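Visitor: Right, I'll just put the structure down here and ask away after.
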Amino acid sequence: MKIGNQDILGITCDSREVKPGYAFVAIKGFEDDGNKYINEAIESGAKVIYTEEDINGLDSLKVPIIKVNNARQRLAQLANQLYNQPSKKLTLIGVTGTNGKTTTTHLIEHLFAKNNFKTGLIGTVKTKIDNKVKEAQLTTPGAVEISNCLNEMVQRGVNVATMEVSSHGIKLDRTAGLDFDLIIYTNLGRDHFDLHENFADYLNTKKKLFQEAAQDKIALINIDDAHAEEISSALECRVINYGFSERADIQAELIAYGTEGSRFRVSVEDGLSNYYGSEIVLEEFELELQLLGKHNIYNALAAIAAALLLGLSVNEIKTALKSFQPFYRRLNVIYDYEFTIIDDCAHNYASYKAVFETIKDLEYNDLYIINAIRGNRGVQVNKEIAEAIAEFTPLLGVTELYISNCERLAGSRDQVTAAEKRTVIQTLNEQRVDFEFWREFKPALLAALAKVDNGDLVLLLGAHAMDQAADISLNILQKSKEVSLG
């Protein structure tokens with residue numbers, strides 16, 4: 001890639017990664033300022049510098065200094081240029097919303113992979129390039145990493161790539177210039193106010209992703225969400241709605257579910273055409289899904305809609321969907337014998353509400369909830385989680401509620417602060433919710449297992465601090481059965 005008369009071999013916003021022939025984009029971040037490292041970048045071989053600042057009196061004048069209005073956006077543009085616009089060379093699906101991104105992207109990837117497409121995925125849990133998988137670090141990676149990843153997908157012959165698009169990724173211009181063929185909106189709830197000034201800013205950030213889509217692209221919108229009209233208003237691209245409502249172009253109906261999974265019927269509006277302009281001609285069809293809950297039917301419906309719009313047949317969708325396994329810590333039924341244990345990584349008000357709405361429709365005798373306070377995420381998110389628990393406790397008929405810091409299970413980045421603990425306890429007390437507080441998870445679990453009986457339900461809830469909870473629970477149950485059998 002040439003910038004002026006310079007051959008540019010790479011791009012970075014981290015001065016430590018600069019190599020001879022690189023372009024360095026100086027970004028003023030939340031914790032540090034890349035402009036402080038311009039000289040260091042030049043000493044490492046940078047051939048051009050981009051910055052939003054006026055640079056005077058530095059050794060940096062030995063190389064071109066280009067002032068830009070938006071350094072983050074320029075970084076994304078340069079990365080896209082360096083890798084020859086890889087997003088234009090494959091079918092790229094973006095999924096955004098407060099909840100449902102991970103499950104929806106994995107469902108879409110599964111549907112196409114099972115039907116002999118080479119697939120790619122960029123998300124919270126992993127990055128997948130054909131059969132190459134690595135653990136993810138961010139929901140939406142940095143702009144250079146995204147373009148690099150998409151370029152590798154193109155090189156490996158990937159046909160369809162699916163990507164989680166977080167509000168952080170949009171706000172920080174990590175996705176600027178990407179050519180999404182289909183963008184899916186799941187829902188919008190209260191979250192991420194560590195970055196956004198208020199809810200309006202959060203909403204407008206999500207909307208920005210759709211506003212940047214070209215006329216020949218498709219926005220697939222959950223019509224049942226309260227903010228659907230705000231998201232879809234005045235878009236230049238084509239808008240198609242999915243949901244339970246009769247107004248939906250692609251609708252789910254006759255819904256039924258239990259601990260074994262979900263069943264529902266899909267109908268498509270007459271005359272609806274797919275991404276390629278061909279009419280989707282089909283009758284209503286029924287589907288089975290090994291996922292629990294109303295929210296997962298929304299996730300599956302979004303994936304089914306995407307598959308139909310991109311040319312998969314009903315039989316291809318039905319066959320592939322049957323083999324999709326419950327996703328890690330998304331309403332996983334980890335034990336279902338004399339009693340049931342369900343595990344979920346609920347992390348904000350909306351995800352707690354989704355879990356509780358599902359539990360409310362299940363059959364059980366007594367209900368035991370073990371919930372981890374969300375550490376290192378602030379007072380507000382924990383207050384809202386406690387409010388969700390207080391709201392649903394009487395509706396669910398909770399027998400025992402255990403609240404825990406999960407001190408030994410929580411990593412260094414997930415330790416609960418005194419303020420977070422105080423907020424949860426105070427909120428529950430104000431709402432007159434009965435609960436027991438435990439510092440550790442395991443004693444709380446043992447207390448619940450000592451009381452649980454046939455037909456009861458144990459619900460394990462919480463974000464990263466509870467990632468080991470399922471394994472601990474199953475190990476205890478296995479040992480207890482070995483003792484009783486011995």
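What follows draws every value from the coordinates through simple rules; no lab data is involved. Since we're looking at a predicted model, the values are computed, not measured. Counting neighbours? That spans all protein chains shown, and the Cβs are built from the backbone with ideal geometry, glycine included.
Visitor: Starting from the Kirkwood radius over alpha-carbon pairs of the range 1-98, derive D by Stokes-Einstein at 25 °C in a medium of 0.890 mPa s and give it in µm² s⁻¹.
Guide: Values: Rh = 14.2 Å.
This corresponds to a translational diffusion coefficient of 173 µm²/s.
Visitor: Out of all DSSP beta bridges in the chain, what portion is antiparallel? Express it as a percent rounded to 5.
Guide: Working: 27 of 79 bridges.
That works out to approximately 35 percent antiparallel.
Visitor: Express in nm, to one decimal, how much length is gained between R238 and D216 on full extension, taking 0.36 nm for each residue of separation and deducting their alpha carbon distance.
Guide: Contour length minus Cα-Cα distance gives 7.2 nm.
Visitor: Could you tell me how many degrees, from 0 to 90 and to the nearest 10, lie between the Cα long axis of helix 71-82 and the main elongation axis, the longest principal axis, of the Cα atoms of the chain?
Guide: Around 80 degrees separate the two axes.
Visitor: Continuing with the same structure: Rounded, prolate or oblate for the chain? Axes are the square roots of the Cα gyration tensor eigenvalues, ordered a ≥ b ≥ c, and the cut-off for rounded is a/c under 1.5.
Guide: oblate
Visitor: In the range 332-485, what % of DSSP beta bridges are antiparallel (nearest 5)?
Guide: 15
Visitor: While we're looking at this one, here's another question. Compute the distance from the alpha-carbon center of the range 400-457 to that of the range 94-152, in whole Å.
Guide: Measuring centre to centre over Cα atoms gives 34 Å.
Visitor: Pull out a ≥ b ≥ c, the square roots of the eigenvalues of the alpha-carbon gyration tensor of the range 366-486, then state rounded if a/c is under 1.5, prolate if not and a/b is larger than b/c, and oblate in the remaining case.
Guide: Values: a/c = 2.61, a/b = 1.40, b/c = 1.86.
Judged from the Cα gyration tensor, the range 366-486 comes out oblate (a/c at least 1.5, b/c at or above a/b).
Visitor: For N332, what is the net charge nearby, where nearby means another residue's Cβ is under 11 Å from its Cβ and Lys, Arg count +1, Asp, Glu -1?
Guide: -1
Visitor: Tell me the label-point distance for the pair F437, I476, using the 7 Å Cα-to-Cβ offset, in nm and rounded to one decimal.
Guide: 2.1
Visitor: Would you work out the charge dipole size for the chain about its Cα centre, treating the Cβ of every Lys and Arg as +1 and the Cβ of every Asp and Glu as -1, and quote it to the nearest 20 debye?
Guide: The dipole magnitude comes to about 1420 debye.
Visitor: What longest range of the chain stays clear of loop-exposed chymotrypsin sites (Phe, Trp or Tyr not before Pro) (DSSP non-H/G/I/E/B, at most 12 other C-beta within 10 angstrom)?
Guide: The longest such stretch corresponds to 31-275.
Visitor: With each label point set 7 Å from Cα along the Cα-Cβ vector, what nm distance links Y276 and Y328?
Guide: 3.5
Visitor: Right, another one. What percent does the relative contact order of the range 82-322 come to when contacts are Cα pairs within less than 8 Å and at least six residues apart?
Guide: Normalised by residue count, the contact order of the range 82-322 is 19 percent.
Visitor: Whole-Hz Karplus ³J(HN,Hα) for the range 440-448, in order, using 6.51 cos²θ - 1.76 cosθ + 1.60 and θ = phi - 60°, x for Gly and Pro?
Guide: 10, 6, 4, x, 5, 4, 4, 5, 5
Visitor: Count charges around Q6 for me, please; just the other residues with Cβ under 15 Å from its Cβ, Lys/Arg as +1, Asp/Glu as -1.
Guide: After counting each charged neighbour, the total is +3.
Visitor: List the pairs from K207/K294; K294/K451; K19/K67; K114/K294 whose alpha-carbon separation is above 27 Å, in the order I gave them.
Guide: Violating the 27 Å Cα-Cα cut-off are K294/K451.
Visitor: Run the simple label-point estimate for E145 and A450 please: 7 Å along Cα→C-beta, distance reported in nm.
Guide: If labels sit at E145 and A450, their model points lie 4.5 nm apart.
Visitor: I'd like the Karplus ³J(HN,Hα) series for the range 347-355: coefficients 6.51, -1.76, 1.60, θ = phi - 60°, whole numbers in Hz, and an x wherever there's a Gly or Pro.
Guide: Each residue's phi maps through the Karplus curve to give 9, 8, 4, 5, 6, 5, 4, 4, 5 Hz.
Visitor: About the Cα centre of the range 41-90, how large is the charge dipole given +1 on each Lys and Arg Cβ and -1 on each Asp and Glu Cβ? Please answer in debye to the nearest 20.
Guide: 420
Visitor: Name the shape class, rounded, prolate or oblate, that the alpha-carbon gyration tensor gives for the range 82-322, where a ≥ b ≥ c are the square roots of its eigenvalues, rounded holds for a/c under 1.5, and otherwise prolate holds if a/b is larger than b/c and oblate otherwise.
Guide: Because its axes are fairly even, with a/c under 1.5, the range 82-322 counts as rounded.
Visitor: Same structure, new question: Could you pull out every residue, at least 5 positions away or on a different chain, whose amide H is within less than 5 Å of the one on S166? Hs are placed 1.01 Å off N in the peptide plane, and Pro or chain starts have none.
Guide: It is T140, by chain and number.
Visitor: Also, I was wondering about something else. Compute the angle between helix 418-430 and the longest alpha-carbon principal axis of the chain, please, reported from 0 to 90 degrees and rounded to the nearest 10.
Guide: Around 40 degrees separate the two axes.
Visitor: Here's another thing I want to ask about it. Expressed as a whole number of Å, what is the distance separating the alpha-carbon centroids of the range 307-362 and the range 14-84?
Guide: A separation of 44 Å, based on Cα centres.
Visitor: Give, rounded to the nearest 20 debye, the magnitude of the charge dipole that the range 299-437 has about its Cα centre when Lys and Arg contribute +1 at Cβ and Asp and Glu contribute -1 at Cβ.
Guide: Charge dipole, the range 299-437, about its Cα centre: 600 debye, nearest 20.
Visitor: By how many nm would the segment from D336 to E284 lengthen if fully extended, with 0.36 nm per residue of separation less the alpha-carbon distance?
Guide: Gain on extension, D336 to E284, equals 15.5 nm.
Visitor: Here's something else I'd like to know. R0 = 25 Å: FRET efficiency of E430 with K360, Cβ-based, nearest 0.05?
Guide: 0.60
Visitor: Right, something else. In the range 62-76, whose amide N lies under 18 Å from the spot 7 Å out along Cα-to-Cβ of E43? List them in ranges.
Guide: Output list for this probe position: 62-63.
Visitor: Return one number: the angle in degrees, 0 to 90 and rounded to the nearest 10, between the long axis of the Cα atoms of helix 199-211 and the longest principal axis of the Cα atoms of the chain.
Guide: 60
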